[in-house]
Amino acid sequence: MEYISTRNNKKTFEFKDVFIKGLADDGGLFIPQSLHKVDINNLRGLEYNDLAKKIIYPFIGDFMTEADLNKIIDKSYSVFRKKNVVDLIKVGDRSVLELFHGPTLAFKDVAMQLLGNFYEYYLNNQNEKINIVVATSGDTGAAAIDAIKGKKNINIFVLHPHNRVSTVQRKLMTTGKDKNVFNIAVNGNFDDCQNLVKTMFADKTFSNDIKMSGVNSINWARIIAQSVYYFYSYFLIEDDKRPINFSVPTGNFGDVYAGYLAKKMGLPINKLIVATNQNDILHRAISKGSYEVENVSETLSPSMDIQVASNFERLLYDLNEGDDLQTIDAMKNIKEKGKHIINQEKLDKINADFLSARMNEEEVLKTISKVYEKFKIVLDPHSAIGYGAFDKINLDGNNIVLATAHPCKFPDAIKKAINLKEDLPKELMFVMEEKENYDIIDNEVEKIKQHIKERI
């Protein structure tokens with residue numbers, strides 16, 4: 001399979017380039033030049049690992065053999081607490097897809113464990129060292145660190161917004177002792193962290209010099225891996241012939257885009273609900289056609305405190321029917337003016353696949369409380385936003401909520417909502433007592449670059 005950039009559809013790339021680069025040299029995002037359809041009948045009844053093997057291999061066939069991929073998938077998912085990686089439970093009139101049974105208690109583990117082993121496979125056959133630089137709003141950093149720690153010929157630098165992630169989220173990142181892991185607390189918000197990473201990628205002298213790579217949600221390998229659990233949950237309930245809808249707590253548009261990818265591959269999804277907190281740029285874009293950047297508000301769901309949703313560029317490219325020049329123009333407007341207007345024709349196209357809902361802080365707390373009172377299930381604030389979105393959008397069918405993080409990662413929100421303390425799993429309790437190691441640096445790209453150079 002060959003890939004192109006959303007900002008240049010003339011030049012093609014192999015999966016190896018797409019995976020290692022993360023971001024295209026022109027600043028665009030990688031997408032397949034053409035997309036294959038899957039035969040649903042050939043995937044039915046498979047366990048999670050086997051399903052992942054079938055879905056992922058066509059995207060990466062030039063990178064490794066099918067046998068090597070199979071080994072890596074089995075290795076990657078052996079560290080999860082569930083045999084089939086995820087778990088689908090019934091909660092009232094909808095189902096909740098628990099994606100947080102990996103080592104860092106967040107959905108990011110599903111893709112990140114795989115990526116870590118992809119890097120190891122690649123570097124075993126190369127005489128070079130890679131430096132991963134990643135921005136996180138809380139969960140990505142911990143998942144990336146767990147996947148990369150201790151591996152040879154690779155360092156990881158994680159930028160998180162200082163004092164804007166939960167204590168548990170931060171400690172899962174900063175208490176490790178591996179010499180190839182470096183944590184940076186940036187004086188700013190997540191969008192600042194993300195912009196710093198993009199700026200470093202755009203500086204070709206710097207990024208080439210340090211052999212920079214990225215594992216943020218823009219990395220296509222993550223999108224592929226995340227598409228698998230949409231297929232898996234569909235097969236768990238397909239005997240019920242009603243339409244299937246997914247509600248996805250959304251910040252950077254990566255997880256919900258994976259659902260869109262699954263639909264384009266042939267999975268019969270009816271609607272994908274983009275569920276946002278009060279940082280609602282995506283809700284405004286999908287409901288009104290106005291993608292307009294506003295100030296970021298701190299919320300009980302910090303992983304969604306984002307105003308620039310990077311993966312939305314991939315959807316814009318589709319809306320522009322593969323016109324890279326239109327996509328470049330749209331992204332220029334967003335960067336320079338902080339705004340892009342989607343016309344009614346294109347908005348209708350979006351709404352054929354996506355709907356959206358916004359949850360304020362009070363609504364999030366009420367949803368956590370309501371679900372606990374009725375079903376004795378504790379939802380983290382992000383998953384509560386996904387659950388509550390179905391209360392705002394009345395859709396017939398099988399309604400599935402993606403539960404993206406374990407509630408123990410957000411103790412303040414849980415205590416505020418239901419006055420209950422959710423403990424970390426026993427195997428992770430130690431992080432709360434461990435010494436932390438991170439550096440606080442101003443939101444200045446040159447300072448960050450110098451910090452990285454001094455440690456590689």
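Nothing in this text is a laboratory measurement; each read-out follows from the coordinates by a stated rule. The shown structure was predicted, so the numbers you read here are calculated from the model rather than taken from an experiment. So basically every Cβ, Gly included, is an ideal-geometry build from the backbone, and we count neighbours across all protein chains shown.
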Quiz item: Checking LEU159 against (1) assigned to a helix (DSSP H, G or I); (2) surrounded by 24 or more Cβ atoms within 10 Å (Cβ to Cβ), which test does it fail?
Solution: (1)
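Out of all the residues in region 385-409, which are in contact (Cβ under 8 Å) with a residue 60 or more places away in the chain and part of a helix (DSSP H, G or I)? Spell out the reasoning first.
Step one: list which residues in region 385-409 are in contact (Cβ under 8 Å) with a residue 60 or more places away in the chain, which gives 385-390, 393, 395-406, 408-409.
ILE385, GLY386, TYR387, GLY388, ALA389, PHE390, CYS408, LYS409 - these are the residues of region 385-409 that are in contact (Cβ under 8 Å) with a residue 60 or more places away in the chain and part of a helix (DSSP H, G or I).
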Quiz item: Is one or more of the residues making up region 65-73 over 22 Å from the mean Cα position of the chain (by Cα), farther than 20 Å from LEU315 by Cα and assigned to a loop (DSSP other than H, G, I, E, B)?
Solution: yes
Quiz item: Is it the case that some residue within region 342-354 is of a type outside the set (Gly, Ala, Ser), within 21 Å of PHE30 (Cα to Cα), free of Cβ contacts under 8 Å to residues at least 40 places away in the same chain and not in a strand (DSSP E or B)?
Solution: no
Exercise. Select from region 389-413 the residues that are within 22 Å of the chain's Cα centre (by Cα) and within 12 Å of PHE246 (Cα to Cα) and write down the one among them that is surrounded by the fewest Cβ atoms within 10 Å (Cβ to Cβ).
Key: PHE390
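LEU267: part of a strand (DSSP E or B) and either over 22 Å from ILE306 (Cβ atoms) or touching a residue at least 60 places away in the same chain (Cβ under 8 Å) (or both), yes or no? Outline the logic, then answer.
Values: part of a strand (DSSP E or B): no; either over 22 Å from ILE306 (Cβ atoms) or touching a residue at least 60 places away in the same chain (Cβ under 8 Å) (or both): yes.
It is false that LEU267 is part of a strand (DSSP E or B) and either over 22 Å from ILE306 (Cβ atoms) or touching a residue at least 60 places away in the same chain (Cβ under 8 Å) (or both).
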Quiz item: Looking at (1) touching a residue at least 60 places away in the same chain (Cβ under 8 Å); (2) charged (D, E, K, R); (3) in a helix (DSSP H, G or I); (4) closer than 21 Å to PRO161 by Cβ, can you tell me which one GLU436 breaks?
Solution: (3)
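Please pick out the residue among LEU69, LEU99, LEU88 that is buried (at least 20 other Cβ atoms within 10 Å of the Cβ), of a type outside the set (Val, Ile, Thr) and under 30 Å from LEU300 (Cα atoms). Before the answer, list the steps.
Details: LEU69 fails: under 30 Å from LEU300 (Cα atoms); LEU88 fails: buried (at least 20 other Cβ atoms within 10 Å of the Cβ).
When all the criteria are applied, what remains is LEU99.
Looking at ASP17, ASP26, which one is in a loop (DSSP other than H, G, I, E, B) and among the charged types (D, E, K, R)?
Numbers: ASP17 fails: in a loop (DSSP other than H, G, I, E, B).
After applying the criteria, what remains is ASP26.
In this structure, does LYS263 turn out to be touching a strand residue (DSSP E or B) at 6+ places or on another chain (Cβ under 7 Å) and on the phi > 0 side of the Ramachandran plot?
On the way: touching a strand residue (DSSP E or B) at 6+ places or on another chain (Cβ under 7 Å): yes; on the phi > 0 side of the Ramachandran plot: no.
So LYS263 does not fit the description; no.
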Quiz item: When the residues of region 1-47 are filtered to those that are more than 22 Å from the chain's Cα centre (by Cα) and among the β-branched types (Val, Ile, Thr), which remaining residue is farthest from MET64 (Cα to Cα)?
Solution: ILE40
Quiz item: If you scan region 326-368, which residues turn out to be surrounded by 19 or more Cβ atoms within 10 Å (Cβ to Cβ), of a type in the set (S, T, N, Q) and closer than 27 Å to ALA403 by Cα?
Solution: SER356, THR367
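Identify, please: which residue in region 171-197 is over 24 Å from GLU446 (Cα atoms) and assigned to a helix (DSSP H, G or I) and is, among those, nearest to the chain's Cα centre (by Cα)? Let's see the steps before the verdict.
Going through region 171-197, the residues over 24 Å from GLU446 (Cα atoms) turn out to be 171-172, 175-178.
From what is left, the residues that are assigned to a helix (DSSP H, G or I) are 171-172.
On the way: LYS171: 20, LEU172: 17 Å.
Within region 171-197, the match that is nearest to the chain's Cα centre (by Cα) is LEU172.
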Quiz item: Condition test on ASN295, is it at negative phi and part of a helix (DSSP H, G or I)?
Solution: no
Exercise. Being crowded, with 17+ Cβ neighbours inside 10 Å, farther than 14 Å from ILE154 by Cα and of a type outside the set (A, V, I, L, M, F, W, C) is the filter here, so list the residues in region 196-219 that pass it.
Key: LYS198, SER207, ASN216, SER217, ASN219
Quiz item: In region 410-450, which residues are of a type outside the set (Lys, Arg), out of contact with any Asp or Glu (no Cβ under 7 Å at 6 or more places or on another chain) and closer than 30 Å to ASN208 by Cα?
Solution: ASN437, TYR438, ASP439, ILE440, ILE441, ASP442, GLU444, VAL445, GLU446, ILE448, GLN450
Quiz prompt | Matching entry among GLU321, GLU362 (being among the acidic types (Asp, Glu) and in a loop (DSSP other than H, G, I, E, B)) | solution = GLU321
